Structures are given as structure tokens and as C-alpha cells.
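Structure first, commentary second.
The values are calculated or read from the model by the stated rules, or taken from the named source; none is laboratory data. It should be emphasised that the depicted structure is a prediction, and the values quoted were computed from it without experimental measurement. With ideal geometry, Cβ positions are generated from the backbone for all residues, glycine too; neighbour counts draw on all protein chains shown. To get the accessible areas, we keep the full protein, side chains included, count just its heavy atoms, and leave off ligands, DNA and RNA. Shrake-Rupley method; radii C 1.70, N 1.55, O 1.52, S 1.80 Å.
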Amino acid sequence: MVHIDEAAARLRIAAETGRPCSPIRELERYSISDAYAIQELVLMSRVTSANRRIGRKVGLTSPAVQKQLGVEQPDFGVLLADMEVADGGHLPTSALLQPRIEAEIAFVLGADVPDPDPAAVMRAVAYAAPALEVVDSRVAGWDITIVDTIADNASSGLFVLGSSRLALDEFEPVAVSMTMRRNGEIVSTGTGADCLGDPRNALVWVAETALSLGRPLRAGEVVLSGALGPMVPVFPGDLFEAEITGLGSVSVRASAHSPVASVDASAPRKDS
């Protein structure tokens, strides 16, 4: 019998104590379905009326990131309200374990997605925005397989949405170029094609996968489509700025002792 409670407890304790744990794959031979069940158990311990689910993140979409972590397929996690940091705000790095950052395109949905047909998924998108995602692993040394990272909410940490908003007919996601700077120095570059061939492919993939798991995408959700280039480590005091051509820019500063900059998660997201 597969025991998922012990794995979920291991990940919860790591997050609560700030001490990374050993990989959950040491406990059992978990399947990918088991890993998503573990993810859900961990999420249930965090979700409250004040900390609701506000989106999904697609992970492991960039060949560069897959190579860094030694995995070969995408995964997805769930975004909660307390993960969002304001554009230009501060990352509370003291609350993170092993943070790394990457730049990507975020899609915000204006309608539910009960049909994973690509055309239907695209019609559900209200707008896109530039984004930074801070990934973090509760597993020591980022010693992860696909099962470990899925169970750990796809190695989710925090995220930042830029202020620019464009409809899908106003730019071509596959054609964008991304440049991310740390303290003014270029540390990561990439293109839309580096994200599963097209960030829209990542959106369709998560729509299909979430639906198959009985957790379809919903109106108002933010979908982080995945890294456009390699992720880099985050240290206190670092300023990160990302520019995505044709879409806009987004920035955040890492701070050792600061609260997450306020984002009103209860307010509806608007097209402009």
C-alpha cells in the first residue's frame, strides 16, 4: 500500500522548520499520480479562506531547467494568495529555503477551461503579463526527481506579476526574447520557443493535465507558463529585473527580513 501521509508530513515539516528534508522517493516507489495526491495533502494544510488558491504554475518547461534538475517532463503546482509579491516589491528570503528565480510569461484567465482544446484554452485567456517566479525546494540540495518536485508543489515559492497587460492578439508569446538581470548584470536569457516550444503549449498542457486530475483551470486564475531561460540563485539584497520583448518588464528585490509586499488577492484581476 502506498503511504502518502508520511511524505506530505515530511514536506510540511521541512517548510515549517526551514530545514530541507531528504527526498520523498526514499519512502516509497511513488507514481506521478501519487505525487499529485501528496501535493494536494500539503496544499490542504495551507489553504484557508484568507489564503485561497489563485492559480497554477507549470514547471520544467525549459530544456535548460530540465537539464539543471535532471528531469524530462513538465509538472504543475498550485499558486496560493500568500505566494504573490508586488511588482517592485521585496522577497522575504528568510522565509525561503533554497530559492532560485526565473522569468516567464503569465496568463490570466477570464473564463473557466472545461475543454482542453487549444483554441478553447486560448479563448479563455484574458491577458498575459511578464512574471518572475521564485522556485524553492523543500528537498535538500535540490536532489529531486519528477516525483519529488510534483509532491513539493512543483517546487513553488513566490511569484511576481509585472504591471503590463496584453491580450494574446497583441503579441506573439513564441516570438518574445527574455533578458533577466541581477544587480544590473545579465544572468539569464531565453526566448518564447524555450518554453515547450511556445508558452501557449505549456498553458494547453496544464489545462489538459489539470482537467485529467479533476482540477480544471478556473476564471481568474494566474497561470505561470514556465521558465524562458535558466534559473539562478537568489541571495539577500539582490535586485532582479526581467524584460520580455513585446510584453514588458517586472522586478523584485530580495530582502532578508521583510514582509511580502501587499497584494490584494481578493480584488478581481482586470484587463488593464
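The residue of the range 75-119 that is nearest to ARG181 (Cα to Cα), among those that are open to solvent by 20 Å² or more (accessible area, probe 1.4 Å) and hydrophobic (A, V, I, L, M, F, W, C), is ALA86.
Contact annotation: residue pairs with Cβ atoms under 9 Å, 6 or more positions apart or on different chains, pairing a residue in the range 163-192 that is within 26 Å of ARG123 (Cβ to Cβ) with a partner that is among the basic types (Lys, Arg) and assigned to a helix (DSSP H, G or I), are LEU168/ARG200; PRO173/ARG200; VAL174/ARG200; GLY192/ARG200. When restricted to residues that are assigned to a loop (DSSP other than H, G, I, E, B), among the hydrophobic types (A, V, I, L, M, F, W, C) and surrounded by 23 or more Cβ atoms within 10 Å (Cβ to Cβ), the range 218-233 contains 2.
Taking (1) surrounded by fewer than 15 Cβ atoms within 10 Å (Cβ to Cβ); (2) at pLDDT 95 or above in turn, LYS67 satisfies each apart from (2). Right, VAL85: touching a Gly at 6+ places or on another chain (Cβ under 6 Å) and either more than 30 Å from SER164 (Cβ to Cβ) or in contact (Cβ under 8 Å) with a residue 24 or more places away in the chain (or both) or not? So VAL85 fails the test. Is at least one residue of the range 131-139 in a loop (DSSP other than H, G, I, E, B), open to solvent by 10 Å² or more (accessible area, probe 1.4 Å), in contact (Cβ under 8 Å) with a residue 40 or more places away in the chain and not charged (D, E, K, R)? There is no residue in the range 131-139 that is in a loop (DSSP other than H, G, I, E, B), open to solvent by 10 Å² or more (accessible area, probe 1.4 Å), in contact (Cβ under 8 Å) with a residue 40 or more places away in the chain and not charged (D, E, K, R). Inspection of the range 24-37 identifies no residue that is part of a strand (DSSP E or B) and either in contact (Cβ under 8 Å) with a residue 60 or more places away in the chain or within 22 Å of VAL134 (Cα to Cα) (or both).
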